[in-house]
Structure formats: C-alpha cells, structure tokens
Amino acid sequence: VAGLRTPRGLRAPGAAMLSATAPRASPPRALVGVVALLLGCAMAQEEDPVYGFCMDQAYSPPWDGLDYAGVSVHLTEEECLNKTSYWWCPLRNETELYNYTDPYTGEFMSKPYYVFSPCCTRALIDLLLPGPDGWPTCQDYYIWEDCAYHNWAQKLTNDLLAQGYDVSITPGTPDSYYNKSDFGCICSPDDPGCLRKSDDGRMCLICETNAKCGPDTIFIGMHFFKVHNINLRTSELALSVWLRQEWYDRRLKYYPQCYGDINMIGVQAKSGSLQQSRIWTPDIELYNSETPIWGGFSERLANIYACQRIDGADCGYVFWSTPGIMKALCKYKGLAAFPFDTLSCELELASWATDGRVQDVRLTDVDSGIQWVDDPSKKDTKGGINAGSSYQDYVIKRITSRRLVLVYDEEGRRDQPWPTLLYKIEFSRAGGWYESKLVFPMIVLTCLSFITFWISPEMGERLVFGITAILAMLTHDIVASGMMPICEERTYLNYLSIVCQAFAEFALFETALVLWVYHQEVDTWMKALVPAPVRQMLCMKRLPLLTRQSIIEADAMKMKAKRRKSYQESKDAAVRDQLFRMMFIEMDKNYSGFVEPDELIFFGSFIQGSRFRHIKDLGFFRNTDMGGDDLHVNFEDFVTFCETKIENIDDVEFMKMTCENFLKVSARRSYLIQESWQETANAIDSFCRFAVPFAFFVFVCTLNSKDITDLTEIESTLSAQWILMFTPVWPMMLIGFTCCALRIHQYQKLASMKKRVGGEGADVGSGWFRSYSVEQDATHRDLALPDSEVLNAAKENSPAKRSKVGKPQAGGFGSDF
C-alpha cells in the first residue's frame with residue numbers, strides 16, 4: 001500500500017509488518033504469557049528510552065520562514081520548556097543535511113535539521129500524536145505498526161479540514177513571498193500583443209500575453225476524450241473532456257513523515273457546491289457555454305500532494321481532474337466551404353467573479369494544456385483505451401490554445417485584469433460521405449435534366465421528365481438543408497444548390513419554350529407572342545384610306561356588286577357562295593367570323609398574282625359601308641370583294657379549280673409555317689445541347705477552384721456572390737453571340753446569292769423579300785411556276801414598283817406593311 005513505508009528511509013520496529021493487507025498470525029496463549037513475563041522483567045531492569053528534541057532553532061537562519069528546525073544545542077526537555085520561545089518535540093531526533101546557498105554571501109552551505117521538526121510546528125503541535133516508540137501515530141493508544149492507510153488518511157483529513165477551513169474563501173499567498181512589481185499582465189497600447197484598444201487609444205483592452213497577473217495561479221489543461229455532438233443548425237458543440245485544474249492551497253500543506261509517509265490524499269470536490277465539496281475549487285466558467293461547468297460537472301476526488309521540498313514551495317499542491325460533457329454555443333468558422341470545410345470553434349475559459357490579481361488563470365506547462373488521443377504529432381498520448389473517434393462525422397484535426405488578458409473600460413475596473421484562455425478546436429468532416437450523398441447526386445441530377453435537350457418535342461414525356469428532375473432536386477435540397485444552419489451566409493453547397501436548381505429550371509423552361517414553338521401554326525412572331533385583343537389595339541394592320549380617285553373607283557365597284565345581286569338566286573351563285581365560304585373558313589383560322597387584312601393580302605396575291613394592289617384593292621373596305629370596321633372583314637365583305645375582283649367568276653368550273661388550288665396552297669403554306677417553327681425549336685435544342693452543359697461545367701470548375709479563404713471573403717460582398725453564381729451566364733452568352741454571328745453570315749451569303757440571280761433591279765435588301773418568301777414563294781412553288789416567273793412576280797410586287805402606283809395618305813397603311 002502506497003504511503004506505508006517508514007519516513008525518510010528510517011527503519012522503524014516492525015516496519016515490515018505495516019502492510020494493511022497482511023493478516024497477523026495469532027500466537028498460542030502460553031507463548032504469549034511467557035513473552036509477557038520476559039518483557040516485564042526486562043522493563044523492570046531497564047528504563048524506557050527518551051525521545052524528543054528542542055525546537056530552539058526554528059526561527060534562526062536559515063530556518064526562519066520554514067517549517068523545519070535546525071539541530072538544537074542539545075537542551076534537555078526541562079531546559080527547553082523553561083524558555084518562553086522554545087518548545088519540545090516528543091519525536092525521534094533523526095537528522096539530515098540541508099544544502100543551500102547563503103543569500104547574503106552566496107556561499108554553498110550545508111546544515112543538519114530534524115526530520116520530524118515539521119510535525120512539531122506551533123500550528124501542528126497540538127494535533128501531534130506521538131507514539132511510545134518516538135514515531136508519529138494515527139490514533140491514541142496506537143503504535144506505528146497498528147496504523148493502516150485509512151487511519152492515516154482519516155487523521156490527515158481531520159487535521160487539514162477540521163481546523164477552520166472555509167471552502168468558500170479563495171486561498172492566497174502572503175505578499176511577503178513575492179514582489180508585486182513582478183505581476184504586470186495589463187499591456188500598454190503600444191505593446192505588440194495588444195489586440196484591441198479603447199476608443200481614446202490610452203488603454204489596451206485585449207492583450208495576448210503570458211505575464212503573471214498575481215501570485216496565485218490556476219493552471220488549466222483539457223484532455224479531449226471524444227466529440228460528442230456538433231449541431232450546425234443550433235450552433236451547439238458537445239465534447240467529452242477531462243477538465244484538469246491545478247493550484248496551490250497552502251492551507252492544505254502537510255509533510256509525509258508526519259502521516260505515515262502518505263504522499264497524496266484524495267478529497268471530494270465539486271465546483272459550485274458548498275455541501276458536496278470539502279475543499280475550495282477554482283472559479284472557472286466557460287463563457288460561451290450552453291450548460292455551465294460551474295456546478296455542471298459531477299463531484300470528483302481532488303488529489304492533495306504532500307510537501308517534498310524543504311523550502312515549502314510545493315506545499316498545498318492540488319490536482320483536480322473532472323470528466324464531463326462540455327456543451328458550448330459556438331461561433332463556427334470555416335463553414336463557407338461546407339461540406340469540404342474545416343470547421344472551427346473557440347472555447348472561452350475564464351474566471352467569472354474573481355479577477356486575475358486574486359486568481360490568475362494560465363495554461364499548464366505540459367502540452368500547453370491540450371491533449372487528445374488522435375493528435376498526429378503525439379502518438380503516445382494516453383487518455384483512455386476507448387478515447388478518440390472512429391466512424392464519426394467529425395474528427396478533431398487540430399487544437400491550439402492561447403491566453404488573453406481582458407480589461408474592462410469602466411470606472412473602478414481599469415486596473416483589474418481578467419485572464420482568459422481560448423481553445424481553438426478544428427474539426428475535419430467526413431467529406432467522402434457528403435461528396436457521395438450530397439454533392440455528386442446534385443451534379444448528376446442537373447446533368448440528367450439536360451437529357452430533355454435530346455428528347456423530341458413530339459414526346460409529351462419530355463415535360464414530365466423535366467418536372468421530375470426539379471422535384472428530385474428539391475427533395476435533395478430539403479435533405480441537405482437539415483444539415484445546415486439557417487443563416488444569411490452562403491456556403492459551397494448553397495452556391496452549388498442554387499445554380500443546379502437554376503439549370504434544372506432553365507432546362508424545364510427551355511422544354512416548355514421548345515414545345516410551344518414546335519406546335520405553333522401562326523405565320524409571325526407577333527401573332528404568337530401578342531394576344532389577339534392587344535394586337536388588335538396596338539399592332540394590328542388597318543385597312544388603308546384611299547385617295548379621291550380610288551374612292552371613285554370603289555363606288556364603281558360597289559355599283560358593279562349591286563348589279564350582280566340579281567344573280568344571287570341562281571344555282572351558280574349558290575355554288576360560288578359555298579366556294580367563297582370554304583375559302584373564307586380556310587383563312588379564318590381562329591373561327592372568329594372575320595378575316596384580317598394580312599390574310600386578305602395572301603388571298604389577293606393568290607387570286608390576282610402580280611396584278612393585286614394592296615391599297616387599291618383593299619381600300620374600298622374602309623371607304624364604303626360594307627366594311628364592319630378598319631381591322632376586320634366579315635364574310636359579306638369578302639364575298640363582295642371576290643365578286644368584284646375575280647374575273648370569270650360566272651364560270652363555276654373555274655371557281656371550283658381556283659378554290660381547290662387555294663385550299664392546297666393554304667395547306668402547303670400552313671405546313672411550311674409549321675415546319676419553320678419546328679426548325680426554330682430544333683435550333684434552340686441544338687444550341688442548348690452544347691452551351692448549357694459547357695456553362696455548367698465551367699461553373700463547377702470555378703466553384704471547386706475556390707478555397708476556404710476565397711469563399712470567406714465572398715461572404716462579405718453581395719456583388720461577388722452574384723458574380724460567382726452568374727459564372728455560367730458568360731459562356732452561354734459567348735456561345736449565343738457566336739451562333740448569331742454565324743447565322744447572320746449565312747443569311748448575308750444567301751441574300752447576296754439571290755441578288756446575283758435577280759439582277760441589279762432586285763430589291764432584296766429592304767426586308768420585303770423575307771416576308772415575301774414565306775408567303776409568295778410557297779404559293780408559286782405549289783403552282784409549279786418557274787423561278788424566273790416567281791422572281792418577276794416579286795419584282796412586280798416589290799416596294800419600288802408599288803411606289804409608282806401612288807403614295808397613301810397620312811395615317812394609312814404604308815409604313816405598317
């Protein structure tokens with residue numbers, strides 16, 4: 001059993017039998033009686049030995065201020081007690097040599113001292129229990145051999161704590177022990193370690209220094225056993241730690257030779273509890289704690305160590321280690337690169353109510369107060385067989401510590417230093433799991449959404465596939481958001497999620513646009529984009545106003561139409577009416593009962609060819625009472641127009657052939673228009689097949705090139721965040737401009753070729769040829785006209801040729817066409 005050997009190597013009688021676990025054999029009673037008779041005879045012949053020495057050298061140099069006393073001048077007990085300043089120690093007068101350097105002369109000296117003199121100081125003489133053999137004993141009527149470990153521990157505990165010890169009083173060192181000028185931990189404003197100054201610049205409020213603030217210091221160290229929990233949404237951090245605190249309480253000093261050579265004793269201690277703690281514990285708190293450690297950690301034994309040095313510098317040393325769950329509210333840093341981040345959190349330990357002049361706080365000298373099993377720089381760190389992390393999300397990567405001294409800029413507190421310990425813990429995340437479960441699926445889902453660019457617009461599943469891809473990404477984003485804190489800052493995963501969703505939504509939008517374009521049947525973008533009511537109010541072509549001469553001609557046509565009414569009852573007139581209605585219904589695509597002017601232009605161009613004149617042939621609709629308004633032509637007006645303008649109208653067979661050809665040309669025209677829209681839709685798909693995946697690839701490469709420093713800097717600038725998220729726009733715009741430039745070049749090449757074919761008089765650069773080619777060219781192709789006749793018809797109907805007919809009045813139709 002530790003602590004049961006004889007003091008300072010002395011050989012006490014029966015020292016070999018001091019083991020508390022060794023049973024004693026019971027001798028026979030007859031033998032006991034014989035031994036007792038022999039001992040009685042020996043004691044009658046010899047006197048008891050006398051033990052003890054006089055403490056007359058207790059205060060003489062170099063023993064003044066120490067608990068040891070030098071060898072006396074061999075005064076007897078009676079002579080010693082007659083002196084008022086001396087007293088007698090009833091223990092063995094064993095001596096040893098004390099080697100020291102004289103503080104005045106600097107000479108090396110050696111003087112003898114009594115080994116048991118600390119047991120007989122004025123503070124302990126009344127608690128001393130000397131045995132009959134000159135050894136200290138644990139109880140009355142006990143000798144050295146009879147005292148077991150628990151007997152010595154009981155006596156030591158009573159001697160230390162039963163003599164007015166107050167657990168609520170902070171231990172202190174006498175000022176005479178130290179020079180107050182040695183304690184100056186408050187930095188000046190010009191100190192290199194000053195981290196923050198007051199508003200007026202005359203005080204350093206936060207300083208990084210290791211200077212002492214006072215004579216009484218609490219040394220703190222932590223052994224990080226395991227990462228218990230990290231919750232990013234609530235900023236919580238839970239660590240299983242062993243909080244180790246060391247300090248000196250000189251009220252708890254004792255010497256091992258006085259208590260059976262016990263070098264250490266354990267006493268129950270608990271911070272924040274006067275009932276459960278038998279000794280004083282330091283005032284230490286975790287400032288950013290969720291659950292305070294003051295009273296939060298369970299009670300544990302504090303080890304009180306014996307004095308080993310003659311000068312007493314190590315007396316009262318207490319080591320207290322308490323395991324527990326330390327819960328902190330962290331201001332996490334490094335989260336910008338989530339999930340490839342190195343997360344960090346700082347633990348702030350300091351005194352809560354006692355400033356550094358009374359209770360200084362410093363890191364332990366061993367490992368700067370830091371230990372953890374997974375420390376790669378120290379393979380031999382001990383701290384539990386099952387310590388460390390395995391199969392966990394977070395692993396401690398690095399821990400650093402530093403000591404700051406804070407000063408509060410308040411009246412009466414400017415001279416109070418508050419030393420603070422900061423533990424910065426860096427965690428490495430299981431990046432492979434996040435990469436396979438969050439990052440990679442998101443990129444794959446985005447790439448899968450691009451499959452819609454290769455799906456034919458004729459398949460209705462294309463739109464369903466795009467919607468399904470977005471729903472899958474939203475589900476994935478909901479799962480990922482459960483691992484992230486709700487905050488304004490954006491992380492790597494936020495940027496990736498936002499852009500991936502934008503690409504998937506763009507793919508869905510492109511699908512809807514392509515399907516809309518692919519199934520269009522109108523002949524212009526204006527009709528496709530602008531609703532009919534808005535187009536009628538703002539953009540619709542109006543029937544032209546006529547000149548005076550044209551009005552006269554319109555009146556003549558009106559009279560001619562009236563003369564034809566007499567034939568309405570005839571059989572041929574009924575057939576013509578049916579043919580007119582078939583052509584009218586073919587032109588009235590929206591079944592509104594009206595035909596718009598541009599549809600009349602197509603009909604007139606088909607019927608009369610190069611002889612058709614827009615202004616002359618349509619103007620009468622606005623200048624007579626037959627037109628319902630200047631925007632639409634009803635069936636009656638259309639019949640009047642046909643009766644007036646179509647030659648050989650009385651020939652029913654000719655009208656049947658004309659109607660049949662018109663229906664074929666109109667169907668062919670509709671087919672070509674639809675084919676043109678389909679080509680436009682396919683062109684959009686072709687552009688997206690190359691531009692969109694390439695732009696997404698550029699963004700992913702750009703995002704992965706950003707390290708934690710770059711992402712942290714971007715957090716403070718909103719414009720930089722938008723620039724990063726709009727990275728894929730620039731390559732798409734570049735590709736788009738390139739495609740447009742190639743398309744314009746092809747068109748210019750085609751236009752120049754047509755101009756060479758048509759000669760110098762062909763006006764193909766005015767924009768008329770493009771509109772004409774959609775309508776007139778389709779018409780003449782179905783009629784199997786030679787190219788020369790098509791081009792002649794174009795020349796005849798060109799704007800230059802039409803300008804010779806006459807200019808329209810202001811507000812008429814000219815510039816609209």
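Tabulated results
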quantity	calculated
Which numbered condition Pro130 misses (of (1) of a type outside the set (Ser, Thr, Tyr); (2) buried (at least 19 other Cβ atoms within 10 Å of the Cβ); (3) in contact (Cβ under 8 Å) with a residue 40 or more places away in the chain)	(2)
Any hit, the stretch 315-327, residues being under 32 Å from the mean Cα position of the chain (by Cα), buried (at least 18 other Cβ atoms within 10 Å of the Cβ), at pLDDT below 95 and outside any loop (DSSP other than H, G, I, E, B)	yes
Exclusive hit being out of contact with any strand residue (DSSP E or B) (no Cβ under 9 Å at 6 or more places or on another chain) and at positive phi, set Asn648, Asn661, Asn682	Asn648
In the stretch 452-464, the residues that are open to solvent by 70 Å² or more (accessible area, probe 1.4 Å) and closer than 13 Å to Ala507 by Cα	Trp454, Val464
From Ser610, Ser605, residue being part of a helix (DSSP H, G or I), within 16 Å of Met587 (Cα to Cα) and modelled with pLDDT under 80	Ser605
Selection from the stretch 716-738 of residues that are open to solvent by less than 60 Å² (accessible area, probe 1.4 Å) and either under 15 Å from the mean Cα position of the chain (by Cα) or not small (Gly, Ala, Ser) (or both)	Thr717, Gln721, Leu724, Met725, Thr727, Pro728, Val729, Pro731, Met732, Ile735
Conditions (1) assigned to a loop (DSSP other than H, G, I, E, B); (2) in contact with a strand residue (DSSP E or B) (Cβ under 6 Å, 6 or more places away or on another chain); number of the one not met by Phe340	(2)
Condition check for Phe427: hydrophobic (A, V, I, L, M, F, W, C), open to solvent by less than 60 Å² (accessible area, probe 1.4 Å) and under 30 Å from Met326 (Cα atoms)	yes
Members of the stretch 247-272 found to be open to solvent by 40 Å² or more (accessible area, probe 1.4 Å), more than 37 Å from the chain's Cα centre (by Cα) and within 15 Å of Arg300 (Cβ to Cβ), listed by number	Met264, Gln268
Hits in the stretch 273-297 - residues which are modelled with pLDDT under 90, within 14 Å of Asp166 (Cα to Cα) and open to solvent by 30 Å² or more (accessible area, probe 1.4 Å)	Leu274, Gln275, Gln276
Subset of the stretch 201-220 that is farther than 19 Å from Ser298 by Cβ and assigned to a strand (DSSP E or B) - its residue that is most open to solvent (accessible area, probe 1.4 Å)	Glu208
Some residue of the stretch 343-356 being farther than 28 Å from Asp216 by Cα and either out of contact with any Lys or Arg (no Cβ under 8 Å at 6 or more places or on another chain) or buried (at least 20 other Cβ atoms within 10 Å of the Cβ) (or both)	yes
The stretch 679-715, residues that are of a type in the set (Ser, Thr, Tyr) and surrounded by fewer than 12 Cβ atoms within 10 Å (Cβ to Cβ)	Ser705, Thr709
Residue list for the stretch 470-493, restricted to those being part of a helix (DSSP H, G or I), open to solvent by 70 Å² or more (accessible area, probe 1.4 Å) and in contact with a Lys or Arg (Cβ under 9 Å, 6 or more places away or on another chain)	Val479
Pick from the stretch 58-71, criterion in contact with a strand residue (DSSP E or B) (Cβ under 8 Å, 6 or more places away or on another chain) and either modelled with pLDDT of 85 or more or open to solvent by 40 Å² or more (accessible area, probe 1.4 Å) (or both), ranking: farthest from Thr121 (Cα to Cα)	Val71
Matching entry among Asp261, Asp367 (being outside any strand (DSSP E or B), touching a helix residue (DSSP H, G or I) at 6+ places or on another chain (Cβ under 6 Å) and in contact (Cβ under 8 Å) with a residue 24 or more places away in the chain)	Asp261
Test: residue in the stretch 187-199 that is at pLDDT below 85, surrounded by 14 or more Cβ atoms within 10 Å (Cβ to Cβ) and not hydrophobic (A, V, I, L, M, F, W, C)	no
Cβ-Cβ under 9 Å pairs, at least 6 apart or on other chains, the stretch 274-294 side farther than 24 Å from Gly316 by Cα, far side aliphatic (A, V, I, L, M) and open to solvent by 30 Å² or more (accessible area, probe 1.4 Å)	Asn288/Leu329; Ser289/Leu329; Glu290/Leu329; Thr291/Ile325
Those residues of the stretch 713-738 which are closer than 20 Å to Ala336 by Cβ and part of a helix (DSSP H, G or I), in sequence order	Glu713, Ile714, Glu715, Leu718, Ser719, Ala720, Gln721, Trp722, Ile723, Leu724, Met725
Selected residue (criterion: farthest from Leu160 (Cα to Cα)) from residues of the stretch 109-149 that are part of a helix (DSSP H, G or I) and of a type in the set (A, V, I, L, M)	Ile125
Restricting the stretch 683-705 to residues that are free of Cβ contacts under 8 Å to residues at least 24 places away in the same chain and within 27 Å of Val522 (Cβ to Cβ), the residue that is farthest from the chain's Cα centre (by Cα)	Ala683
Test: residue in the stretch 73-83 that is in a helix (DSSP H, G or I) and touching a Ser or Thr at 6+ places or on another chain (Cβ under 9 Å)	yes
Among (1) more than 30 Å from Ser321 (Cβ to Cβ); (2) open to solvent by less than 40 Å² (accessible area, probe 1.4 Å), the one test that Thr420 misses	(1)
Residue in the stretch 232-243 that is open to solvent by less than 20 Å² (accessible area, probe 1.4 Å) and modelled with pLDDT under 90 present	yes
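So that you can scan it fast, the table gives a plain yes or no per residue for (1) modelled with pLDDT under 90; (2) part of a helix (DSSP H, G or I); (3) not charged (D, E, K, R):
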{"position": "Asn682", "(1), (2), (3)": "no, yes, yes"}
{"position": "Leu711", "(1), (2), (3)": "yes, yes, yes"}
{"position": "Cys740", "(1), (2), (3)": "yes, yes, yes"}
{"position": "Ile744", "(1), (2), (3)": "yes, yes, yes"}
{"position": "Gln748", "(1), (2), (3)": "yes, yes, yes"}
{"position": "Lys754", "(1), (2), (3)": "yes, yes, no"}
{"position": "Val757", "(1), (2), (3)": "yes, yes, yes"}
{"position": "Gly765", "(1), (2), (3)": "yes, no, yes"}
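The values are calculated or read from the model by the stated rules, or taken from the named source; none is laboratory data. All of these numbers come straight from a predicted model, not from anything done at the bench. So basically every Cβ, Gly included, is an ideal-geometry build from the backbone, and we count neighbours across all protein chains shown. Calculation scope for accessible area: heavy atoms of the full protein, side chains included, ligands and nucleic acids excluded. Shrake-Rupley method; radii C 1.70, N 1.55, O 1.52, S 1.80 Å.
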